[in-house]
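Student: Could you have a look at this structure, given as structure tokens, before my questions?
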Amino acid sequence: MSELATFLDIAVSGVGLGALYALVAMGFSLIYKVTGVLNFAQGQIAMVGAYSVVIFGTTSLLPTALPAAAAVVVTILVGILLGLLLERVVFRPFIGEPVLSIIIVTLALGSILEGSIAFLFGRNFKAYPSALTVDWSVSLPLGASIQGAYALAAVAALAVVVLLLAFFKQSVVGSILRASASDEQAAMALGVSIERTVALAWTISITITAIGGILLAVSSGGAAFSIETTGIIIFAAVVFGGLDSILGAFVGSIIVGLLQELGSYYLEGGTAVYVPGTSVQANLGAGFGEILPLLFLLAVIVVKPYGLFGTERIERL
């Protein structure tokens with residue numbers, strides 16, 4: 001394979017990985033855009049979506065397994081119900097409370113969700129039903145190709161970003177959500193129900209995040225706790241694009257995915273050396289694929305503190 005074909009393969013894989021991140025990142029950005037909440041439980045919510053397919057699509061916990069497609073549909077419905085439940089029970093009492101209090105609540109929620117999954121399954125990898133195994137790829141020009149799971153993620157991410165942008169700009173409900181996000185007090189004075197807008201935002205966000213969790217699991221053949229650890233990378237993508245920008249979350253995720261894949265291939269392939277005094281062999285570039293997006297994020301934030309598409313806020317003292 002030529003160097004150009006290799007580069008294109010790595011770049012396409014990066015775009016696919018970024019598309020997987022984008023689904024979870026857009027859910028994160030949606031919540032911040034409407035409610036101002038930094039939901040640090042986003043990675044754990046994605047993991048719950050991934051493991052829910054295991055619950056309904058296998059006999060790990062239930063005596064009878066649903067067909068794979070039905071298990072995915074039920075998982076999405078569970079995501080909708082979870083969004084409504086969390087908004088009503090957990091987040092509604094904190095409307096108007098200090099931001100730090102809400103952040104602590106999201107951290108606690110993430111720990112609860114993580115502990116619940118560990119209690120039910122342990123921290124073991126759980127394979128998906130064979131019907132959800134994606135072992136095909138799509139051929140692209142110039143000899144490149146993209147894995148089936150990445151192709152599905154790219155289509156889903158594009159569909160979600162287009163639908164969300166159209167929803168906020170063209171629909172009445174989307175206009176109400178934008179008004180609530182812009183000035184909550186003014187929206188309440190005009191008769192807007194803040195509780196309903198917050199409930200809708202959480203429901204849409206968690207549903208999108210659950211879909212992202214499912215596709216992350218499909219890309220690796222099953223659910224794993226490593227999905228939860230992607231939360232930091234996804235948060236970096238959201239900050240890079242702009243916390244309150246759904247388009248920014250999408251673009252930021254694609255760039256982060258590209259940097260991670262290119263960094264992993266070109267920078268983790270460094271010269272192998274032996275640690276002096278031991279027989280341990282180390283790689284000079286090991287682990288740099290995950291670090292490169294964060295370094296790039298720091299460089300961008302220095303120049304654009306609100307990210308690429310984030311709203312710049314000016315406060316008068």
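Student: What list do you get for 197, 58, 64 if you sort them by fewest beta carbons within 10 Å? Don't skip to the end; give the middle numbers.
Tutor: Working: 197 21, 58 18, 64 6.
The order, fewest Cβ neighbours first, is 64, 58, 197.
Student: Fully extended, how many nm does the chain gain between residue 136 and residue 99 (0.36 nm per residue separation, minus their Cα-Cα distance)? Display every interim value, and only then the final one.
Tutor: Working: separation 37, 0.36 × 37 = 13.32 nm, distance 4.52 nm.
The residue 136-residue 99 span can extend by a further 8.8 nm.
Student: Residue 70 to residue 308: extension gain in nm, 0.36 nm per residue of separation minus the Cα-Cα distance? The partial results should precede the final answer.
Tutor: Values: separation 238, 0.36 × 238 = 85.68 nm, distance 3.89 nm.
Taking residue 70 through residue 308 to full extension adds about 81.8 nm, to one decimal.
Student: Hey, what did the stretch 27-132 get for relative contact order, percent, Cα under 8 Å, at least 6 apart?
Tutor: 38
Student: For 33, 169, 304, 126, what's the fewest-to-most ordering of other Cβ within 10 Å of each Cβ?
Tutor: Values: 33 26, 169 10, 304 13, 126 20.
Arranged by neighbour count, lowest to highest, 33, 169, 304, 126 become 169, 304, 126, 33.
Student: Tell me, what does the Kirkwood hydrodynamic radius of the stretch 1-141 come to in angstroms if you use every pair of distinct C-alpha atoms?
Tutor: On the way: mean 1/r = 0.0567 Å⁻¹.
For the stretch 1-141, inverting the mean 1/r across all distinct Cα pairs yields 17.6 Å.
Student: Now for a different question. In degrees, nearest 10, range 0 to 90: what is the angle between the Cα axis of helix 99-121 and the longest Cα principal axis of the chain?
Tutor: 50
Student: So for 78, 256, fewest C-beta neighbours within 10 Å to most, what's the order? Don't skip to the end; give the middle numbers.
Tutor: Values: 78 20, 256 29.
Ordered from fewest to most neighbouring Cβ atoms within 10 Å, 78, 256 come out as 78, 256.
Student: Can you return the lysines within cross-link range of residue 169? Criterion is Cα-Cα under 21 Å, with same-chain partners fewer than 8 residues away left out.
Tutor: Reachable lysines: 33.
Student: For the stretch 64-79, in order, what is each residue's ³J(HN,Hα) by Karplus, 6.51 cos²θ - 1.76 cosθ + 1.60 with θ = phi - 60°, in whole Hz (x at glycine and Pro)?
Tutor: Result, ordered by residue: 10, 9, 7, x, 4, 4, 5, 5, 5, 4, 5, 4, 5, 5, 4, x Hz.
Student: If you look at just the Cα atoms of the stretch 3-303, how large are its Rg and its Dmax in Å?
Tutor: When restricted to Cα atoms, the stretch 3-303 yields Rg and Dmax of 20.2, 73 Å.
Laboratory data are not the source of any read-out in this text; all were calculated from the coordinates shown. Computed from a prediction, not measured in an experiment: that's the story for all the values here. Positions of Cβ are backbone-derived with ideal geometry, glycine not excepted, and every protein chain shown enters the neighbour counts.
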